[in-house]
Amino acid sequence: MKILFLTPYPRGVAPSQRFRFEQYYTLLKEKGVPFEIQSFLNYEDWKILYINKYAFLKVLSVVKGFIKRFFILFRIKQFDYIFIHREASPIGPPILEWLIVKVFSKKIVYDFDDAIWIPNVSDENKIISKLKWYSKVSLICSWSYKVSCGNSYLASFASQYNSNILINPTTIDTENLHNPSLFGDNNDLHKAFNSKLSENQTVIGWTGTHTTMKYLKIVLPVIQRLHNELDFRFLIISNKAPTFKLEFMEYIPWNLKTEINDLLSIDIGIMPLAADKWSEGKCGFKILQYMSLEKVAVASPVGINSSIISNGVNGYICKNNDEWYVTLKKLINDTDLRKNTGAEGRKTVLNYYSVKSNQDNFLSLFE
């Protein structure tokens, strides 16, 4: 058996890739399963993707990506399974997927962790929005050998077109990465932030890409109201600085080398979401990160969040601003409650959302 991974982005830069399948590469090597990886964008092209300029270079990067995909077709017969994350190409109809299945008779394992059949394009890349082919998701599902979905909402969509559906959750490497015992206060940004904290000052934190930062608007009024009453800091970890400012807010640029230390600065991790169809496809990655590091997670009851969190046991679900206010205030004031809830959260991740607990499920995609 040999697997070809066709990915949108280069290795190690996209959370969806890192935590859905890249962290299983070691497992495949241990099992003696050969595989190759081909990303549509290279690292240099990925770096300009979310910059609001470089239109010509972005077009050129797409052309280069298609050329790479074209030439891999000449070697496609070497592989038994073609694992496609989200899509083989970011624009246009699913010609590559059609060729792989209909011409070369290869088995596609199709993986997605967002409601990608719903239009949702970043402001920086609106120029290509009309070239996106959202209807191709259903076609690729229908052609695939198996479909790997991040939650039941996505699986429900895929099951309209394919009966061979597997819920493959986004998972956390709780042994080698999200393991509090492995990390200490050993990076400058982490130290600089902690030096700004007064003694026993609580930190409410959020982490995510800039494309999901819009959801923070849901809770900002609550955060501001709480700060009028209580002493705490608000930490944002992202690939871009927020466009809004609060006097008690700190921003740390996301960094692969320091991401765990930076997350460990957080006492209360939040994941607000809007109640819409796109958000229903979210797979709870933020709360899984918080919980894996024994940080209490507080989230909106959208998507998989309510399945991961048992309210008041391993985290908290907040349906409206009043619940956000009451819950956050209670947690800011109660260190023991945060500690106990965080410990229960890590147990949940270890049992149901860790690489180790999900490895057999992942390997079954290739049976």
**Request:** Any residue in the stretch 317-337 that's more than 16 Å from Y215 (Cβ to Cβ): show its pairings with residues that are of a type in the set (D, E) and loosely packed, with under 13 Cβ neighbours inside 10 Å at Cβ separation under 8 Å, as long as the two are six or more apart or on different chains.
**Result:** K329/E229
**Message:** Please go through the stretch 249-281 and give me each residue that is assigned to a loop (DSSP other than H, G, I, E, B), hydrophobic (A, V, I, L, M, F, W, C), more than 17 Å from the chain's Cα centre (by Cα) and surrounded by 14 or more Cβ atoms within 10 Å (Cβ to Cβ), ordered by number.
**Reply:** I266
**Request:** Report the residue count in the stretch 151-169 for those that are part of a loop (DSSP other than H, G, I, E, B) and under 16 Å from the mean Cα position of the chain (by Cα).
**Result:** 3
**Request:** Go through (1) assigned to a helix (DSSP H, G or I); (2) in the same structural domain as M213 (by TED's automatic domain parsing); (3) not basic (K, R) and name the single condition S364 misses.
**Result:** (2)
**Fill in**
Taking the stretch 170-186 and keeping residues in a loop (DSSP other than H, G, I, E, B) and crowded, with 16+ Cβ neighbours inside 10 Å leaves T170, T171, D173, T174, L177, H178, F183
**Message:** Of everything in the stretch 211-246, what is among the small types (G, A, S) and more than 19 Å from the chain's Cα centre (by Cα)? Give them in sequence order.
**Reply:** none
**Request:** Can you tell me which residue within the stretch 282-311, out of those that are more than 18 Å from I260 (Cβ to Cβ) and not in a loop (DSSP other than H, G, I, E, B), is nearest to the chain's Cα centre (by Cα)?
**Result:** N305
**Prompt:** Out of all the residues in the stretch 110-121, is one or more outside the structural domain of A299 (by TED's automatic domain parsing), among the β-branched types (V, I, T), surrounded by fewer than 17 Cβ atoms within 10 Å (Cβ to Cβ) and at pLDDT below 95?
**Reply:** yes
**Asked** Of the residues that make up the stretch 345-356, is at least one outside the structural domain of A155 (by TED's automatic domain parsing), closer than 19 Å to T202 by Cα and part of a helix (DSSP H, G or I)?
**Response** yes
**Asked** Quick one: is S148 outside the structural domain of G284 (by TED's automatic domain parsing) and modelled with pLDDT under 95?
**Response** no
**Prompt:** Of all the residues that make up the stretch 42-95, how many are of a type in the set (K, R) and either touching a His at 6+ places or on another chain (Cβ under 7 Å) or within 30 Å of Y145 (Cα to Cα) (or both)?
**Reply:** 6
**Asked** Among the candidates K107, K102, K136, which residue alone is touching a Ser or Thr at 6+ places or on another chain (Cβ under 9 Å), at pLDDT 95 or above and at negative phi?
**Response** K107
**Asked** What are the pairs, 6+ residues apart or on separate chains, where a residue within the stretch 27-41 that is within 17 Å of Q17 (Cα to Cα) and assigned by TED's automatic domain parsing to the domain that holds L96 has its Cβ under 7 Å from a residue that is hydrophobic (A, V, I, L, M, F, W, C) and exposed (fewer than 15 other Cβ atoms within 10 Å of the Cβ)?
**Response** none
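Going through I309, I317 one at a time, which residue ends up being under 12 Å from I270 (Cα atoms) and either at pLDDT below 95 or touching a strand residue (DSSP E or B) at 6+ places or on another chain (Cβ under 6 Å) (or both)?
Checking each option against the conditions leaves just I317.
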**Message:** I need the full set of residues from the stretch 1-41 which are of a type in the set (S, T, Y) and either assigned to a strand (DSSP E or B) or surrounded by 18 or more Cβ atoms within 10 Å (Cβ to Cβ) (or both), in order please.
**Reply:** T7, Y9, S16, Y24, S39
**Prompt:** Is there a residue being part of a helix (DSSP H, G or I) and modelled with pLDDT of 95 or more anywhere in the stretch 81-88?
**Reply:** no
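The values are calculated or read from the model by the stated rules, or taken from the named source; none is laboratory data. Since the structure is predicted, the reported quantities are computational estimates derived from the model, not experimental observations. Note that each Cβ is placed from the backbone with ideal geometry, even for glycine, and that neighbours are counted across all protein chains shown.
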